1. Could you please find all residues in the range A:54-71 being of a type outside the set (A, V, I, L, M), over 19 Å from the mean Cα position of the chain (by Cα) and farther than 16 Å from A:Arg33 by Cβ?
2. Report yes if some residue within the range A:148-163 is surrounded by fewer than 16 Cβ atoms within 10 Å (Cβ to Cβ) and at positive phi; otherwise report no.
3. Yes or no: A:Val41 within 11 Å of chain B (Cβ to nearest Cβ), of a type in the set (Val, Ile, Thr), over 16 Å from B:Val66 (Cα atoms) and assigned to a helix (DSSP H, G or I)?
4. Does the range A:148-189 hold any residues that are in a loop (DSSP other than H, G, I, E, B), within 10 Å of chain B (Cβ to nearest Cβ) and within 23 Å of A:Arg130 (Cβ to Cβ), and which are they?
5. Under 23 Å from A:Gly92 (Cα atoms) and of a type in the set (Lys, Arg): does that describe A:Lys190?
6. Say we look at the range A:7-38 and pick out the residues that are within 12 Å of chain B (Cβ to nearest Cβ), under 24 Å from A:Leu155 (Cα atoms) and among the aliphatic types (A, V, I, L, M); which of these is surrounded by the most Cβ atoms within 10 Å (Cβ to Cβ)?
7. Just a yes or no: is a residue in the range B:60-74 closer than 29 Å to A:Ile83 by Cα, modelled with pLDDT under 75 and not aromatic (Phe, Trp, Tyr)?
8. Within the range A:63-81, restricting attention to residues that are more than 9 Å from chain B (Cβ to nearest Cβ) and charged (D, E, K, R), which residue is nearest to B:Val66 (Cα to Cα)?
Amino acid sequence: MLDAPSSVQTPDEILVRRARERDAVAREELFQRYREDAYRVAYRLLGHEQDALDVVQEALIKAFLGLGDFDGRSGFRYWLLRIVGNTALDWGRRRIRRTILNIGNGRSDLPEPAFHDDPARGLHQQDLRRVLDKALDHLSPKIRTTFVLFAELGLSYKEIAETQDIPIGTVMSRINAAREKLQQNLDWEKLKGLE
Amino acid sequence: MRCDEAMRELNLPSDDRDDRALAHHLAECEACARWAEHAAGFSRLWDATRPLDPPTESWDRLWSSVTARLDHSGPVTTPDSRPENPFASVGDAALQHSSPITRSWRGLAAIGLVGLAQAAALVPAVNLYWNTSDKNVQPPRFSTSPDVVQRTAPSLDSEIDVEWGQVLLIRSDGPKVEKIDLALLEASNGEDPWYDLFNSVESASTFLAMTE
């Protein structure tokens, strides 16, 4: 059976040029294209849905207001992901400070489940996420970002190098280091029976 | 296939692997087989914890906030008009009016004030010490040589000029007080300029003050 012909997508470069001229439609198209990538990266870096959405919002504002800084050498997607990564790391630092301040008040900024229609599924995923987050916390922010781009978005070494503006060799060594550390620090006992 | 090659293969996306050679090695090497088993377990864990896509209302709300902010902002910045901000990640220059950033600058200013107050408290003490040194008062026991005192004491006799709007880290690094203009710090190799800042603070023997 033949596939239905897909409509031709406007290239990012053209959308970026229009977005620079404050074209709302172009901006929204770029948002629609990359919002999920941005959200997934932010979520994996912060482990919290609402924080991830806040980071995506802040990153999008930075990206659209700062389009004059975008030289177009890497694609818009990679540029946006770099902003998301940096914003998430800043956010994470602010959250640590906030958490420290809140300890005395008895409040907590720990991750909460969200978006789950099925509470049982949410709970199970929350347990698994806690195990994974604990292991991810052993990674430095840079290594964690590299690994998230690799594991979550499936970016190639070259694409990650573009996104983070680092040599491919550094990407490879960071991913190796991340894997080793994660495997060492995962609580395999708790993960027994995970299908 | 050697163990290091097997590890490298296991780190590759599954489509790019040499599965036959890898399977052969794993059948013979217990350590690598265990590693492979853990790697597979990790992949399952990663998949099981993938985030669900936020509901449409969340995206709509988010986009409304973004467009509202963009509509109230000035023209898109260009490299020529971009203000220098040492803490700016990529695109941060555009967020001059953002509330979180403003809050963090306020925080910095508060830190700077506290730091300056501490530095101000140090100045009379150091001056007093140096004045008494001039009157041939015995130096501390651990230091019999005046050179040593000279090397370890920050030279606070010179004034530090701070221009309005400058963001400075003032630190002592061995014999001299160093003034680092954070506005001139460049993000190197795509690294976050905050790392540069924290490295500067950590590497200082005495952190005196930061001011805006």
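The values are calculated or read from the model by the stated rules, or taken from the named source; none is laboratory data. The shown structure was predicted, so the numbers you read here are calculated from the model rather than taken from an experiment. Neighbour counts run over all protein chains shown; Cβ positions are idealised from the backbone, glycine included.
1. A:Gly66, A:Gly68, A:Asp69, A:Asp71
2. yes
3. Spelling it out, A:Val41 is indeed within 11 Å of chain B (Cβ to nearest Cβ), of a type in the set (Val, Ile, Thr), over 16 Å from B:Val66 (Cα atoms) and assigned to a helix (DSSP H, G or I).
4. Result: A:Glu152, A:Leu186, A:Trp188.
5. Judged against the criteria, A:Lys190 is not a match.
6. The residue in question is A:Ala38.
7. yes
8. A:Arg77
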